[in-house]
Amino acid sequence: MAITLSRRTVLRGLGTSVALPMLDAMHPTRLLAASHRETSSPIRMGFFYVPNGMHMPDWTPKEDGTSYAMTETLARIADHRNDINVLSGLTLDGARAHGDGGGDHARSVAAFLTGAHPRKTNGADIQNGVSVDQATAMQVGDTTRFSSLELGLETSSQAGNCDSGYSCAYASNMSWRGSTNPMAKEHDPRAVFDRLFGGQTEKEIRRARSEREKHRKSILDFVEADAKRLHAHLPIVDRRKLDEYLYSVRDIEKRIAGAEKLGMTEEGVPDFPRPLGVPRELSKHSELMMDMIALAYQTDSTRILSFMFTNAGSNRSYKEIEVNDGHHELSHHGKSADKQRGIAKINRFHLDRFEYLLRKLKQIPEGEGTLLDHCMIVYGSGISDGDRHNHDDLPILLAGGGGGRIRSGRHIRYKNGTPLCNLYLWMMQQMGASADQFGDSTAPLDRLG
């Protein structure tokens with residue numbers, strides 16, 4: 001006999017709690033209005049940051065509307081054209097100097113999700129605004145196991161001088177719970193995996209990991225009996241969904257284990273030490289993290305997350321794509337054709353990683369559409385041209401359908417100077433958060449629906 005499941009059903013085992021994807025057997029816990037219709041799928045929001053600006057001639061389309069020609073960089077996500085909007089003209093005033101001199105890189109990250117102008121200090125007296133992800137999580141984050149997730153490919157710092165007198169706390173954290181409380185991001189795939197699929201407490205997580213390592217077991221071995229009992233009572237379509245989901249969890253677990261057999265530092269990049277669960281190649285590291293993000297959304301473990309590809313002003317080289325000069329150095333191109341080619345290659349590398357996530361989300365059925373249809377994901381930078389260090393006309397993408405609230409497939413050009421926070425205010429309202437103003441917003445961003 002088929003059963004009816006709660007959306008919060010999990011598979012349990014020794015120190016293990018494996019959340020499930022949306023199944024037909026589940027009753028929705030909440031209905032959200034979307035374009036005058038109702039959907040049983042929740043809306044997710046995400047924010048993805050890339051440092052050092054963009055090579056704008058390869059980014060900004062010349063035409064507006066639906067018939068715009070994709071530029072060389074945007075062509076990397078051409079398969080998702082109908083799932084994205086390119087937004088031009090948005091501005092981050094909080095990242096400007098306002099009399100504080102240098103430090104555009106640190107300010108661009110600190111202001112990216114807050115819209116605030118951070119206090120210039122490299123001491124303990126840091127001060128910034130609350131970020132949009134945390135402001136939203138404070139209102140609606142209690143509906144999921146994690147109110148928010150903060151992720152990235154490099155570690156966060158809470159002290160030190162990272163950019164012209166700005167604390168490293170500004171340069172390496174874009175999520176802020178309070179004006180003095182940056183949210184450190186996690187960059188170890190193993191740690192994220194354990195958070196998603198471990199027990200409810202740190203003690204349970206450590207115990208389960210110890211047992212798995214001792215007996216060389218998968219996390220799924222601990223919930224096998226529970227999974228078999230559930231499988232027997234599910235309709236055929238849900239059985240297939242469950243099998244595919246558990247296979248993807250096991251595949252990620254195997255890839256993390258493979259990465260842990262490698263050395264401690266990334267070859268050729270001695271300044272970027274990594275924990276055991278991080279692959280040598282940045283592309284593989286990124287793919288594992290994107291897989292975690294997809295699983296976190298799919299299992300409704302969180303609906304709100306942020307992701308930093310690297311920290312502000314990163315001078316990492318990208319030997320995987322034969323770019324041996326540092327990213328920050330290349331961004332100060334001084335109109336050098338060679339440097340501009342290098343920065344454009346790095347831009348495309350980052351967008352390729354984002355495309356991997358979009359493809360994953362698009363492959364996961366949910367409700368009448370896909371998981372991507374129920375997301376609102378911002379991708380971009382708090383700097384436009386890295387050589388000019390300007391913070392207007394930013395490179396911003398909005399991906400996903402927002403549960404039917406977003407009309408995608410367009411290049412929308414706003415009046416230059418339109419606050420980026422107008423977009424965030426609109427997103428907060430779609431998530432069900434009560435807000436009439438955020439950061440330096442003047443009104444919810446228009447023309448998205």
**Request:** Over the alpha-carbon set of segment 311-420, work out the extent along each principal axis and list the three values in angstrom, largest first.
**Result:** 48, 36, 22
**Item:** About the Cα centre, charge dipole magnitude for the chain (Lys/Arg +1, Asp/Glu -1 at Cβ), debye
**Value:** 980
**Prompt:** Around S17, which amide H atoms from residues at least 5 apart in sequence, or from another chain, sit under 5 Å from its own amide H, with H modelled in the peptide plane?
**Reply:** G198, G199
**Request:** Only loop residues by DSSP count here, and only those with at most 13 other Cβ atoms within 10 Å; note down the trypsin sites (Lys or Arg not before Pro) in segment 286-349 that meet that.
**Result:** K335
**Message:** Of M174, Y356, F112, which is farthest towards the positive pole of the chain's charge dipole, taken about the Cα centre with +1 and -1 on the beta-carbons of Lys, Arg and Asp, Glu respectively?
**Reply:** Y356
**Message:** Taking the solvent-accessible surface of protein heavy atoms with a 1.4 Å probe, what is the per residue accessible area of segment 108-160 in Å²?
**Reply:** 34
**Fill in**
1/(1 + (r/R0)^6) with r = Cβ-Cβ of R359 and S67, R0 = 30 Å, i.e. FRET efficiency to nearest 0.05, evaluates to 0.80
**Request:** Express in % the proportion of alpha carbon pairs of the chain at distances exceeding 29 Å.
**Result:** 46
**Complete:** Once amide hydrogens are built 1.01 Å from N within the peptide plane, the residues lying 5 or more places from S147 or on another chain with amide H under 5 Å from its amide H are none
**Request:** Between H231 and E260, with labels modelled 7 Å along Cα→Cβ, what's the label distance in nm to one decimal, could you check?
**Result:** 2.4
**Fill in**
At R0 = 30 Å the Cβ-Cβ FRET efficiency linking N315 and A124, nearest 0.05, sits at 0.70
**Fill in**
Tilt, helix 224-233 to longest principal axis of the chain (alpha-carbon atoms), in degrees rounded to tens, equals 80
**Complete:** The alpha-carbon pair-distance distribution computed for segment 32-130, with 5 angstrom bins and whole-percent values, is 2, 9, 15, 16, 14, 14, 13, 9, 5, 2, 0
**Complete:** trypsin sites (Lys or Arg not before Pro) in segment 380-428 lying in a DSSP loop, each with at most 15 other Cβ atoms within 10 Å of its Cβ, come to R388, R407
**Cα centroid of segment 56-131 to Cα centroid of segment 389-449, whole Å** = 12
**Asked** Relative to the present Cα-Cα distance, how much length would full extension add between D446 and S179 at 0.36 nm per residue of separation?
**Response** 93.3 nm
**Fill in**
The answer for the longest stretch of the chain without any exposed GluC sites (Glu not before Pro) (DSSP loop, at most 15 further Cβ atoms within 10 Å) is 73-266
**Extreme residue, positive dipole direction of the chain, given options S157, T370, P57 (C-beta unit charges)** = T370
**Rounded to the nearest 20 debye, dipole of segment 352-406 from Cβ charges on Lys, Arg, Asp, Glu** = 220
**Item:** Two-site FRET efficiency, N161 against Q437, from Cβ-Cβ distance with R₀ of 41 Å, rounded to 0.05
**Value:** 0.80
**Degrees between helix 202-215 axis and first principal axis of the chain (Cα, 0 to 90, nearest 10)** = 70
**Asked** What angle, in degrees between 0 and 90 and rounded to the nearest 10, separates the Cα long axis of helix 236-260 from the longest principal axis of the Cα atoms of the chain?
**Response** 60
**Prompt:** Once label points are set 7 Å from the Cα along Cα→Cβ at both E322 and K284, what is their separation, rounded to one decimal in nm?
**Reply:** 2.2
**Item:** Per the chain, cysteines lacking a partner by the 4.7 Å Cβ criterion
**Value:** C375, C421
**Asked** How large is the dipole of segment 54-207 about the Cα centre if only Lys and Arg carry +1 and Asp and Glu carry -1, each at its Cβ, rounded to the nearest 20 debye?
**Response** 440
**Over the chain: helical MRE at 222 nm, DSSP H runs n ≥ 4 each giving -39500 (n - 2.57), nearest 500** = -10000 deg cm²/dmol
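The values are calculated or read from the model by the stated rules, or taken from the named source; none is laboratory data. Quick caveat, the model's predicted, so the values are computed rather than measured. Neighbour counts are summed over all protein chains in view; Cβ atoms, including those assigned to glycine, are modelled from backbone coordinates with ideal geometry. The area values use the complete protein model at the heavy-atom level, side chains included, leaving out ligands, DNA and RNA. Shrake-Rupley method; radii C 1.70, N 1.55, O 1.52, S 1.80 Å.
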